[in-house]
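The values are calculated or read from the model by the stated rules, or taken from the named source; none is laboratory data. No experiment lies behind these values; they were computed from the predicted model shown. Here the Cβ is made from the backbone with ideal geometry for all residues, glycine too, and neighbour counts use every protein chain on show. Side chains included, ligands, DNA and RNA excluded: accessible areas come from the protein's heavy atoms. Shrake-Rupley method; radii C 1.70, N 1.55, O 1.52, S 1.80 Å.
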Amino acid sequence: MKLSQSRNLALRDAGRTFFSSYGMAVVLLLLCIYYSWATLQTQEPKGDAAAQTVALQIAGALPKGANVMIVGTTSDEDNDFVTGAAKRLQDGGYVVVGKVLGDPRTARQALEKAARGGAHIDAIAATPASASWPVLQNIPQKYPAFSAARLYAAQSYRWPLFLQRDNLLNIANQIVVVAVIAVGMTLVIITGGIDLSVGSLVALAAILTTLLIRNNGATEASTVTMIGAGLAGIIVCALIGWCSGLTITAFRLPPFIATLGVMQIASGLAFILSKGSSIYEVPDGFTILGRGSGLLGIPYAVMMMAVIYGVAHILMARSKWGRYVYAVGGNAEAARLSGVRVAPVTLMVYTLSGAMAGLGGVVLASQLKSGAPTYGVSYELYVIAAVVVGGTSLSGGQGKIFGTLIGALIIAVIQNGMNLTGVESYTQRVVLGVVILGAVLLDMLKHRDWRWLRLRPRPEPPVAVSSPSPSTTS
Amino acid sequence: MTPNPPPLLSMTNIEKSFPGVRAIKHGQLELQAGEVHALLGENGAGKSTLIKVLSGAHQPDSGTLSIDGVPVTVASPFNAQDLGIAVIYQEFNLVPALSARENIFLGQEPGNGPLVSKAQERRLATELFERLDMPLSPETLCRDLSVAQQQVVEIAKALARNARILVMDEPTAALSQREVEKLFAIIRDLRGQGLGIIYVSHRLDEIFAVCDRATIMRDGEYITTHEVRDLSRERIIELMVGRKLESEFPRRHSEIGEARLQVQNLRRGSAVRGVTFELKRGEILGLTGLVGAGRTEVARLLFGADRAEAGRIFLDGRELNVRSPLDAIRAGICLLTEDRKAQGLVLGLSVRENFGLPNLNFFSRLGFVRRLQEKRAFADYTRNLRIKVSNQEQLARNLSGGNQQKVVLAKWLQSNTDIVLVDEPTRGIDVGAKYEIYLLLNELVAQGKSILMISSELPEVLGMSDRILVMHEGRIVGEIEDVESATQEQILGFTVIAQGNTDAPARGGDAGVPYQTETVEPQSRKEPMEVIQ
């Protein structure tokens, strides 16, 4: 009896841990599955990828030396197709008798010219677009000389728009800024606070960085200058975060009010420094952080984000300091009476939040290759939403770093999915609001031990861990 | 006219299970009108579940509940109100920012229509306070009331709802001795007015003082109901625990050595006004007095939780400058706070994390927690202290009071501090677990540590201390060296004399100061004067 009770309790705890940590991961997975299904559509291979399939088809059907004509439209992708196909076919030992880039009329002229010249055509390689032209569809009827010519076009296939590589990279790029800031916000919210200033700090960091670059070489600025400018932006934001923390710890201002004030100050500073206008005078190299990509085509910004999340996770889950952060948020008085120095922990958390917002601002400036005082408007709300959706409790004391990443992804996936499925932007805001409310509601219900489910009413905890039954001791 | 009218309330064969737990296997309770009925049992015996069944918070799986012999179903707390059942929980259900009057009538304002008739409410509230013999202005905001006064408001609230069955759950937990007396007078008065009162408490003295009959539960089962006058203290404990306890307080063998902690003229505001004492090696020094006498404040000053305005603290002859709890811990002083949930534990963290919190410097390397080490150390403590946890990751909030206290003890034992300040170490803990806590305290002094034990429970102070200090209004007003022959009256006497000296009316100031409004009559007490001198 005792054993089954304690096992039950352990199961309950484990279940709760699972749901609070991974419940949202399940939601994310379901969302991805839904949008994959909803955006499933016929995909036509393009460019060189299409050229490869067509070349393989021809190689499988015709002997070497066969004459091939390649037809595509004037689009860039078809251009890639035509050059790609020509190269592949010639490498494969086939003869390319003509390359057509244009419309049906150009194709007709080319065919007529070839027919007049007495050329022999065994195959026509076409893109899905050009393959549908009547002139290519009806070759045997129109050009008896080419009655043997067969039309080869890349086969279309079904694949979700959502899961396309470009789209996924797009989502990743979109969330980087919010996700990075959300790391700092997660720490702040775990301590039971809130940081409303992050949106303004994004703008301030972007302005500071671009301004420093403009004043130190503008478009000719060196890499060192750019790194220095970026670091300066981050450090200033960290200092401002430290100041927020100081007003909260030393003067006991409610975090909401303290950071609301700092939000205004930082935003004002960004406008003053930039004189209200955008700053574009940055070198092309400045965009490498925001737009560049490295190994396997993964953007540098995404790599950086992954590293930050990894470090933050280890910090919160394994380090002494991380434990202190949870303790301060869970019960500051108990933490203090256990010898935790609450004020320095809190101060550090706000400093980190400021620094992360600064980093987010630098990344955003790099993505947009400019700085403007209007950057980051209402970012704080998206960031808080990501943190809350990720399962961090607004009352403090609990939350997981990777939960926040999942939260940010959920919001990004919903937005992206709605874009892909053609939901208009006004409706998107409504849906997003509902999602945030739902997440907060879920958070609150979690604190009620799932009692709302009415499936397993909470047993009296003392019962399950009561003193040993007397019969066993006597 | 039947010779035996049906009982006011009778609960028979109540069963209540939660998934995995049979909270009540067989619950039974019979309450007569005009009776104070004690409901006794250890934590987890099923008392609170039974009360929740009565209050409509839980629905029983089976069994009958009758009022005046008529079987009824208590579908919800609202329903219970209509049936004349009122429960006063340990944590009051009052809105701090509303006045006493508004709280009393909250949700069922008298008068018709949407408008509240303030005059009528005020009249009714004043009547209720008169009935309860409590001179209290109905317009005082609840947050300005003392705990005892808030309790009276709660009782008035129940009476305003025409309650006939009143359940009081640990009503004296936060009251001073004098306030307890006052509450007992009210309870006796209500009994005289024909109410049936169910009284739940861990303090056995109170059972004898105010209750007529007692029902005892153990492990979810009804054990017996007796007239209280037929029971002895030992017998009750035996019935509750299910075995014989040799004594309520274990014997101790420790050698009391030299003075280790010396406190001189410690001051802070009106709470601590010049406290001087010393604590010796291997000694348990009891510190008692009324609630609000400044005992907790002294401990907080020693621990650095608050800053002293004046005074010096010496440890082994070396002066300490304690500015924060961290300083105190480093110097070797720890504090087990009175309020485990608010100050002792981070309820949302696991028990292991709570255990590690003050000891992370020991359990970490290069800033990273060595969890394996921490786990092993905690496993040792769970075994040695017999802490009942399902696993180390169990949240602190899910433990019973006794086990929570053991976790707090474990974390300070691990920190290996020599001076242990304990504030109400057994508050809200059942008899069996109390004994274990006492054993632990004894073991600590046997190791040569020193304990300052703050307690309001006089039997505990007398049973555990080597020496007793009595505080009153921020000063130490008495010291008892010969604990063996000391009595409760002697301790109370110090307070009463001090009360006479400091002259009524008592000042307000620190929270929880009792009897702000009642007039103090030291002479009305029994014969404490003779006992002391």
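Looking at the range B:189-211 only, could you name the residues that are open to solvent by 50 Å² or more (accessible area, probe 1.4 Å) and outside any helix (DSSP H, G or I)?
If we filter the range B:189-211 for residues that are open to solvent by 50 Å² or more (accessible area, probe 1.4 Å), which is where we start, we get B:189, B:191-193, B:205, B:208.
If the condition is that a residue be open to solvent by 50 Å² or more (accessible area, probe 1.4 Å) and outside any helix (DSSP H, G or I), then B:193 is the only one that fits.
Answer with yes or no whether residue B:179 is buried (at least 20 other Cβ atoms within 10 Å of the Cβ) and more than 14 Å from chain A (Cβ to nearest Cβ). Reasoning before the result, please.
Details: buried (at least 20 other Cβ atoms within 10 Å of the Cβ): yes; more than 14 Å from chain A (Cβ to nearest Cβ): yes.
Here the answer is yes, as residue B:179 does meet what is asked.
Wholly within the range B:214-333, which helices (runs of 4 or more DSSP H) include no fewer than the required count, namely at least 3 residues that are within 30 Å of residue A:334 (Cβ to Cβ) and open to solvent by 10 Å² or more (accessible area, probe 1.4 Å)?
It comes to B:295-303, B:325-331.
Of the residues B:336, B:421, B:345, only one is surrounded by 23 or more Cβ atoms within 10 Å (Cβ to Cβ), touching a residue at least 40 places away in the same chain (Cβ under 8 Å) and facing another protein chain (nearest Cβ under 7 Å); which?
On the way: B:336 fails: facing another protein chain (nearest Cβ under 7 Å); B:421 fails: facing another protein chain (nearest Cβ under 7 Å).
Among B:336, B:421, B:345, only B:345 is surrounded by 23 or more Cβ atoms within 10 Å (Cβ to Cβ), touching a residue at least 40 places away in the same chain (Cβ under 8 Å) and facing another protein chain (nearest Cβ under 7 Å).
Among the residues of the range B:138-153, is there at least one that is in a helix (DSSP H, G or I), among the polar types (S, T, N, Q) and open to solvent by less than 40 Å² (accessible area, probe 1.4 Å)?
The initial filter retains those residues of the range B:138-153 that are in a helix (DSSP H, G or I), namely B:142-144, B:147-153.
Checking the rest, the ones that are also among the polar types (S, T, N, Q) come to B:149-151.
Filter again for open to solvent by less than 40 Å² (accessible area, probe 1.4 Å), leaving B:149, B:151.
Scanning the range B:138-153, I find at least one residue that is in a helix (DSSP H, G or I), among the polar types (S, T, N, Q) and open to solvent by less than 40 Å² (accessible area, probe 1.4 Å), so the answer is yes.
Hand me the list of helices (runs of 4 or more DSSP H) wholly inside the range B:27-111 holding 2 or more residues that are surrounded by fewer than 20 Cβ atoms within 10 Å (Cβ to Cβ) and more than 14 Å from chain A (Cβ to nearest Cβ).
On the way: elements: B:47-55, B:77-82, B:100-105.
In the range B:27-111, B:77-82 are the helices (runs of 4 or more DSSP H) which contain 2 or more residues that are surrounded by fewer than 20 Cβ atoms within 10 Å (Cβ to Cβ) and more than 14 Å from chain A (Cβ to nearest Cβ).
What number of residues in the range A:396-413 are open to solvent by 10 Å² or more (accessible area, probe 1.4 Å) and away from every other protein chain (no Cβ under 14 Å)?
5
Considering (1) under 30 Å from residue B:367 (Cβ atoms); (2) assigned to a loop (DSSP other than H, G, I, E, B), say which one residue A:311 fails and leave the rest.
Of everything listed in (1) under 30 Å from residue B:367 (Cβ atoms); (2) assigned to a loop (DSSP other than H, G, I, E, B), residue A:311 misses just condition (2).
Looking at (1) surrounded by fewer than 19 Cβ atoms within 10 Å (Cβ to Cβ); (2) in a helix (DSSP H, G or I); (3) not β-branched (Val, Ile, Thr), can you tell me which one residue A:163 breaks?
For residue A:163, the exception is condition (2).
Does the range A:317-339 hold any residues that are more than 7 Å from chain B (Cβ to nearest Cβ) and in contact (Cβ under 8 Å) with a residue 24 or more places away in the chain, and which are they?
Passing the criteria: A:317, A:325, A:328, A:329, A:332.
Let's see how each residue does on (1) surrounded by 22 or more Cβ atoms within 10 Å (Cβ to Cβ); (2) facing another protein chain (nearest Cβ under 8 Å):
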| position | (1), (2) |
| --- | --- |
| A:305 | yes, no |
| A:341 | no, yes |
| A:348 | no, no |
| A:358 | yes, no |
| A:374 | no, no |
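Check whether at least one residue in the range B:365-382 is in contact (Cβ under 8 Å) with a residue 40 or more places away in the chain and open to solvent by 30 Å² or more (accessible area, probe 1.4 Å), and report yes or no.
No - not one qualifying residue is present in the range B:365-382.
When the range B:443-461 is examined, which residues are found to be touching a strand residue (DSSP E or B) at 6+ places or on another chain (Cβ under 8 Å) and without any contact (Cβ under 8 Å) to a residue 60 or more places away in the chain?
B:444
Can you tell me which residues in the range B:406-418 are of a type outside the set (Lys, Arg) and within 11 Å of chain A (Cβ to nearest Cβ)?
First, pick out the residues of the range B:406-418 that are of a type outside the set (Lys, Arg): B:407-410, B:412-418.
Result: B:408, B:412, B:415, B:417.
Return yes when residue A:297 is of a type outside the set (Val, Ile, Thr), assigned by TED's automatic domain parsing to the domain that holds residue A:219, within 28 Å of the chain's Cα centre (by Cα) and modelled with pLDDT of 95 or more and no when it is not.
no
Report the residue count in the range B:184-203 for those that are out of contact with any Gly (no Cβ under 6 Å at 6 or more places or on another chain) and either free of Cβ contacts under 8 Å to residues at least 60 places away in the same chain or not aliphatic (A, V, I, L, M) (or both).
Narrowing the range B:184-203 to residues out of contact with any Gly (no Cβ under 6 Å at 6 or more places or on another chain): B:184-190, B:192-193, B:195-203.
Retained after the next criterion (residues that are either free of Cβ contacts under 8 Å to residues at least 60 places away in the same chain or not aliphatic (A, V, I, L, M) (or both)): B:184-186, B:188-190, B:192-193, B:196, B:199, B:201-203.
Residues meeting the conditions: 13.
Can you find, within the range B:359-405, the residue that is nearest to residue A:335 (Cα to Cα) among those that are among the basic types (Lys, Arg) and more than 11 Å from chain A (Cβ to nearest Cβ)?
From the range B:359-405, those among the basic types (Lys, Arg) are B:365, B:370-371, B:375-376, B:383, B:386, B:388, B:397; that's our starting set.
Checking the rest, the ones that are also more than 11 Å from chain A (Cβ to nearest Cβ) come to B:375-376, B:383.
Values: B:375: 20, B:376: 22, B:383: 25 Å.
Within the range B:359-405, the match that is nearest to residue A:335 (Cα to Cα) is B:375.
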